[in-house]
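Single-structure report; data block below.
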Amino acid sequence: MGRHSAAPPLELGTYEVVEASFGPSTSWKAGNLVVDLESLRGSAAKEPAVEAVEVHLVRPGDPVRVANVLDAVVPHVKADDPEATFPGVLGRLAPAGRGRSNRLGGVTVLSVCDLRAAGLVEEDEVWETFVDMAGPGADRSGFGSTANVVLTFTPRSDAPAADVDLAVRKATLRVARELAATTIGATPDRQETFRPIGARQGGEDLPAIAAILQVGSEGPFLDTFLYGLRMEGLVPTALDPREVLDGALTNGAFEWAGSRNPTALYQRNALIRELYEADGKRLRFAGLVVALGYLNTAFEKQRSAMLSARLAQLLGADGVVCTTFETGNSHTDTMLTVRACEQLGIRTTAILTETNGGLTDHVPEADCIVSVGNEDELVAGWSPDHVIGASAARAGEPVPTWAYLGATCQMGDLRWTAVPA
Amino acid sequence: MDGGSGMKVVHYLNQFFAGLGGEEAAGHEPVRIEGAVGPGRGLAAAGLPVDVTLACGDDHFGEHEAEALARLLNWLEEEEPDVLVCGPAFGSGRHGYACGSLAREAGRRGVPVVSAMTPDNPGVLAAEGAAYIVPTGSNVTEMRTILPVVAALAGRLARGEPVGPSEEEGYLPRGLRKNVLADVTGAARAVDLLLAKLAGDTRTEVAPSGDRVPPPSAVVDLSRATVALVSEAGCVPQGNPDRLPSRHSNMWLRYPLGGVSSLGADAYESVHGGFDTAAANDDPNRLVPLDAVRELEAEGRIGKLHDVFYTTTGVDTPVAAAAKFGQEIAAELHEANVQAVILTGT
Amino acid sequence: MGIPTVFVTALPTIAQMVGANRILRGVSITHPTGDPSLAVGDEHAFRRRIVERALEMLATDVEPTTVWEVSE
């Protein structure tokens, strides 16, 4: 496939945070992150479509429920070119997935906005999104175990939805960059090198495995962004998996808390890491395809499934892992993709969430499915001392799993699954 | 105070079995009755004395589900029963649905529940695995043989005795799945399973459950057949006069088609909350193809179009509710000698 | 004794999964029996063709969970 082995590696440094606290200026040193809340607030409030921002710092174990969470972002900076961090949306356009990038471990930035109260979306329970820092729901979201810098946005009342959407995303990414930028020049706790896939010698006898990553892009507050533009209309596209680790893909979809893909899970990406880890040992990592789910017509769904399968074939895949985005008819896109791959002789495993009614869709070819859990399972009620981001947030009532951010993310980042009771 | 057996038993029945009346009492509000009523006496005779009976009209439950459940659950909470018995409902979809829904909610509050109904009763889905459901036929004459089975199972649950898996004990599989933390991430498991599959060992963590109906025989002579239109696209007369919900529907509706040859944009609309209804509202025939059916009817390609169409909204609607609607609509179509149906979905 | 029913839907795989037996692939989630991109006359003819196929399916014995296309 050419001289890709000459492409520079991605050097990802992780700087752990064991202690996060407030202070007069934002800094990271030897595991201690100090956050200047006022400075971050000013940074986030810069956007014209934003009326006001509040900043909170919450830690695992705090009796706090964060509600109306939009996105979660791992603090991240391109250490050798900070202006190109999150290229296309926050940063200057530049290829992601190469050079030195730094990120904080143990800290996440959460954006919060009550879109319904602001009149930006329809009154609909499926926007509900919680992250619990303690209580029975703390281990559901995957963000109850990190210290979270929470940005609560009040949009300007006359700003159009698209402006608010962009403003909130940029401000959140800006804060994420600022937090990570404190580590530039310091020695990381962990240093990983991601070479271009295929650069590793040997392993020709190993099965070639690709991933087909499903995303959704249906409009304001329902979009996924690739280098800053929404992905609606995009045909299945091959990406360097390192681009996804390095901020090329950002989330702008805020419905269906449990099964959407927060930006942080694109960044942390258990699937890409798993494939990299096994590359040359158990498999050859053949590549990554991103494809849309939620296509509206039968024709578009079949066509996209066919194009995804053909692209996987062009990448030389013997097998693919198919991920799913959210719930409902996107599961049909997954099933059609499974079928299209199997018809080309490419074996598949799909990652799906279950409901109380079982699987949402199925084809006979889908004989190998990973379940990330039952999204309808109720988590015991909890009465937090504080709620950020909403006035009423089901305090004391049982909460369905689907209301916890990323709880049943179908890229497989968490360890949740379902078994017969 | 319990019935002397040392356990507290509550029994739920519909209006008919509780002796409140027949169809004319289907709109009866929830009531609480001391002691056993109707089949409850059979439970007592089989060794499960009933302390309190709760009853509700099947139609009342269907139309006011949230309120009816609230009242029933209130009484249930006051009693703090060791077990709740619902039905038997046999083949009655409405009764079964109420039994299953109450079972589900009681289960959430930690009350063990036993019920009995046909395996395809929508109540089975409604229960969402909360109840131990003894399978029955649709004939109510089975009551005498079913009650001792129900009583025995309920007694064991009330005494906290362990109950084995469905294959051994004879109740319907509950299909319950609970969330647990695996040793490794879903991504790791996906890679493992895929490599195993490529090596010839195919395994899955979840599979579909299916209830299958064999395909009915084809219509012999369409030119003499009555064909009906049914839809889940939320198609209603302009203004939605009967307030069909946009999501999570608890109802289906029927509207007359006499003299109507096309669903005009000024007269009909879609209230479905699960898709963009712009194209449909410009021409509702895009959801329910009335104009084309009328044309073909005029040409004699079908005998006639049934004089009403059936409509509901199929988004966020629980499977159990949808199954109930299907059974109820099918019963009307059957009654009206409809021979074929065109069902449109979005 | 069931009533033969043809289910017109853009999501035939879901229909197959829940056990619908006669399934006709519809145009789109938002307009299963129409196509706003066609001129009015053409759309009407197209809808007629959809209904004709549906009727054809009702008059045909099928294996379980069979999917037909409108144009074949």
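Tally the DSSP beta bridges in segment A:201-339 and give the antiparallel ones as a percent, rounded to 5.
For segment A:201-339, the DSSP antiparallel bridge percentage is about 45.
Using only atoms on other chains, find how many Cβ atoms lie within 10 Å of each Cβ of peptide A:267-277 and report the average.
3
Write out the cysteines belonging to chain B for which the nearest other cysteine Cβ is not under 4.7 Å, or none if no such cysteine exists.
Cysteines lacking a close Cβ partner in chain B: B:56, B:235.
Can you give the average number of partner chain beta-carbon atoms within 10 Å of each beta-carbon in peptide B:229-235, as a whole number?
That works out to 2 on average.
Please report, largest first and rounded to whole Å, the three semi-axes of the ellipsoid equivalent to segment A:3-403, where each semi-axis is the square root of five times an eigenvalue of the C-alpha gyration tensor.
Ellipsoid semi-axes (Å, largest first): 33, 26, 19.
7 Å from Cα along Cα→Cβ at both residue B:29 and residue B:139: what's the point-to-point distance in nm?
Simple spin-label model gives 4.0 nm for this pair.
Compute a Gaussian network model of chain A, connecting alpha carbons closer than 10 Å, and tell me which residue from A:342, A:255, A:122 fluctuates the most.
Greatest mean-square fluctuation among the candidates belongs to A:122.
How long, wide and thick is the protein assembly as shown, going by the Cα atoms along their three principal axes, in whole angstroms, largest first?
Computed over the protein assembly as shown, the largest-to-smallest principal extents equal 82, 72, 59 Å.
For every helix of n ≥ 4 consecutive DSSP H residues, a contribution of -39,500 (n - 2.57) applies; sum these over chain A, divide by its total residues, and give [θ] at 222 nm rounded to the nearest 500 deg cm²/dmol.
-6000 deg cm²/dmol
Connecting C-alpha atoms closer than 10 Å in a GNM of chain A, tell me which of A:192, A:232, A:354 has the biggest fluctuation.
Sorting by GNM fluctuation, first place goes to A:192.
Let me know the charge dipole size of segment B:21-125 about its Cα centre in debye, to the nearest 20, where only the beta-carbon of Lys, Arg (+1) and Asp, Glu (-1) is charged.
320
Given labels modelled 7 Å from the Cα in the Cβ direction, how far is it in nm from residue A:22 to residue A:34?
1.5
Report, in debye and to the nearest 20, how large the dipole of the protein assembly as shown comes out about its Cα centre when Lys and Arg carry +1 and Asp and Glu carry -1 on their Cβ.
2080
Can you tell which of B:134, B:206, B:230 shows the greatest fluctuation in a Gaussian network model of chain B with Cα springs below 10 Å?
Among B:134, B:206, B:230, the largest GNM mean-square fluctuation belongs to B:206.
How big is the dipole moment of segment A:3-403 about its Cα centre under a simple scheme where the beta carbon of each Lys and Arg is +1, that of each Asp and Glu is -1, and everything else is neutral? Debye, nearest 20, please.
I would put it at about 1440 debye.
Tally the DSSP beta bridges in chain A and give the antiparallel ones as a percent, rounded to 5.
Antiparallel bridges make up about 45 percent of those DSSP assigns within chain A.
Net charge near residue A:133: determine it from the other residues with C-beta under 15 Å of the C-beta of residue A:133, scoring Lys and Arg +1 and Asp and Glu -1.
Spelling it out: positives minus negatives among the neighbours equals -1.
If you rank A:347, A:284, A:41 by fewest surrounding Cβ atoms within 10 Å, what's the result?
A:41, A:347, A:284
Of the DSSP beta bridges with both residues in the protein assembly as shown, give the percent that are antiparallel, rounding to the nearest 5.
Antiparallel bridges: around 40 percent, rounded to the nearest 5.
Placing +1 on the Cβ of each Lys and Arg and -1 on the Cβ of each Asp and Glu in segment B:23-69, which of B:44, B:56, B:33 has its Cα farthest towards the positive end of the resulting dipole?
Projecting each Cα onto the dipole axis, the largest value belongs to B:44.
Which value at 222 nm does chain B reach when only helices count, each DSSP H run of 4 or more adding -39,500 (n - 2.57), with the total divided by all residues and rounded to the nearest 500 deg cm²/dmol?
-10000 deg cm²/dmol
For the Cα atoms of chain C, what angle does the longest principal axis make with the long axis of helix C:40-58, in degrees from 0 to 90, nearest 10?
Roughly 10 degrees between the two axes.
Measuring from label point to label point, each 7 Å out along Cα→Cβ, what is the residue A:195 to residue A:378 span in nm?
5.4
Computed from the coordinates by the stated procedures, all read-outs in this text should not be read as laboratory data. Just so we're clear, the structure is a prediction, and the values are computed from it rather than from any experiment. With ideal geometry, Cβ positions are generated from the backbone for all residues, glycine too; neighbour counts draw on all protein chains shown.
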